[in-house]
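Contents: one structure, followed by commentary.
Derivation of every value follows stated rules applied to the coordinates shown; laboratory data play no part. Everything numeric here is computed off the predicted structure, so don't read it as measured data. Counting neighbours? That spans all protein chains shown, and the Cβs are built from the backbone with ideal geometry, glycine included.
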Amino acid sequence: MRTIELNGEQVQILQSQKKIRYFVSGLGGGKTFCLGAFVALKGLFTNPKFRGALILIGAPTYDQLNRSTMPGFYNALEKFNILHDIDFIVNKMPPKDWGIKPYSYSDNKNIITAKNGAYAIFDYVSGGGKKWRGIEADIILLDEVRDIDVGSINTLIGRLRGKCFKTLFDKEKYAMLCVTTPPDDIRPLLQMKERAINDGDVEFVEGSSYSNIANLPAGYIDSLISMYGGIDSPLTRREVFGEMVNINTQAFFYAFVPSINVANDIKTYNDAPIYVSHDYNINKLCGVVAQVVGFEDGAGGVSYELNILDNPVTTIIDVQRHKSQNVISTAAARVLERWRNYEIYYCGDRSGSSGAVAAARYDMNSVEQFKTALNVSSKNMLFNKYNLRYPPANPSHKYSYLLCNLAFNKIKINISAHCKDLLSDLNCAFIDVSKTGILQLHKDSGDFSMGSADAFRYLIHALFGTGSKLNLLKDYIEDKNTN
């Protein structure tokens, strides 16, 4: 077996003999790696005595499970020389020469079958853990429990009564290992930490990104600190140093710096397309118009600039002034006044493609009306996470919070000083991360419409989000899978 260098907190949590174990650390602290390391070091997929053992592997969402938890789990197994399709299989019937039964003869979806006869079920965990009722597990491994409801965790603790360990009870103990970065609401973790002091069955280990610096790419922690607003930022203390801190409010676009991102004169490139994004509000339809330009960076790569050129805001008064059919036709006409001679790509509010919502607001499908009015072809519709189809919903504020600030840090964003409504939103938008995570305006602002900020974030997702050509989250996600 190759030599594996575990950090001190990983060693402490993996050597613990407690039934319930919590490992709380910063990003890149090696938390997800511990889930696979636990299985490897215990021999759950290799030792014949664990034939019939059942392991549950959970995360708060399918996206988290497939994007981070399972890749990190498999990466850890591989480093311990436990190999896919040799020592275990996924979503398949076991080969006959293994001499073991499948977990199910009808459906092995989300099932890992090990050559030694152990099994693992991996799935998302929510809704009080109802889907796990009736299952008897020997080991439970949970990733990012910060986003798993307490009811689900309590239900799963009650499922630690697997048949394999029951026969090995004198030598093997049931265990649930939970790993996470600190949550928005720190109360459940503080209660578990206090419980660890008085309860012989609970282990609580805290670490930071620096604890695992030997296994992280050069500059990774520095980039996190920059992304989260500097060394003294409450977000840095939470996401990097692993501190459980209460954060009441935080600027939503904290990486936006007016002295850097606002310009009086921005060049328009005649050979570059125009990107248009709108947010559909009844009385105030806000839009942003932008160009993306790539430049050779001198190192064989390309650096990108996003130039926000225009911020058309259309109201009912504008409709009356222009004697137009409705707000959408007026807004489209205002875009075409300046940008008619450019190839136009379009994205925006997902609710605009909902017949019920659009009918209540504009008497027809808003997206289709804009598409027609702007003469945009289907191939130029940028509702892409799913190629050119509409995403199932608008991106969550939590995802936008990460992606928009990554965009400000990773590429050059220039916003015209004439985009008054957008600049007001960027300066005044706050997020309440201690409660619901809803985008809010600062109380001192008289206008509570966030239309321009929403149009801006929809554009950022279409251009740089998951599934786009310039996926800013790709490297960030891969870094999180590092030991």
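Relative to the present Cα-Cα distance, how much length would full extension add between K96 and N264 at 0.36 nm per residue of separation?
Here the answer is 53.4 nm.
Hand me the chymotrypsin sites (Phe, Trp or Tyr not before Pro) from segment 149-189 located in a DSSP loop with no more than 12 other Cβ atoms within 10 Å, in residue order please.
In loop regions of segment 149-189 (DSSP not H, G, I, E or B), the sparsely surrounded chymotrypsin sites (Phe, Trp or Tyr not before Pro) are F169.
Along the Cα→Cβ direction, 7 angstrom out, place labels at N81 and N409. What is the inter-label distance in nm?
In this crude label model, N81 to N409 measures out at 3.8 nm.
Counting pairs of alpha carbon atoms under 8 Å apart in space and at least six apart in sequence, what relative contact order in percent does segment 105-190 give?
About 29 percent, as a whole number.
For segment 151-234, what is the convex hull volume of the alpha-carbon atoms per residue, in Å³?
Output value, Cα hull per residue: 160 Å³.
Please give the residues of segment 153-185, grouped as numeric ranges, whose backbone N is less than 12 Å from a label point set 7 Å along the Cα-to-Cβ vector of K49.
165, 167-173
Quick one: H278, H397, H461, H418, fewest Cβ neighbours within 10 Å first, how do they rank?
With the fewest neighbours first, H278, H397, H461, H418 line up as H418, H397, H461, H278.
List, largest first, the extents of the alpha carbons of segment 1-150 along their principal axes, each in whole Å.
Cα extents, longest axis first: 43, 40, 28 Å.
Neighbour counts of other C-beta atoms within 10 Å: give me V179, V335 arranged from fewest to most.
V335, V179
With a cut-off of 18 Å, note down the residues of segment 120-137 whose backbone N falls inside the zone around a label point 7 Å from the Cα of V150 toward its beta carbon.
Taking a point 7 Å out along Cα→Cβ of V150, the residues of segment 120-137 whose backbone N falls under 18 Å are 126-130.
Sticking with the crude label model, points 7 Å out along Cα→Cβ, report the distance from E368 to A251 in nm, one decimal please.
So the two model labels end up 4.3 nm from each other.
Sort M176, M192 so the one with the fewest other Cβ atoms within 10 Å of its own Cβ comes first.
Exposure proxy ranking, most exposed first: M192, M176.
Along the Cα-to-Cβ line of V11, 7 Å from the Cα, sits a label point; which residues in segment 209-226 have backbone N less than 18 Å from it?
In segment 209-226, the label zone of V11 (backbone N under 18 Å from the point 7 Å along Cα→Cβ) covers 209-216.
How far apart, in nm, are two points set 7 Å out from the Cα along the Cα-to-Cβ line at E343 and at R161?
6.4 nm
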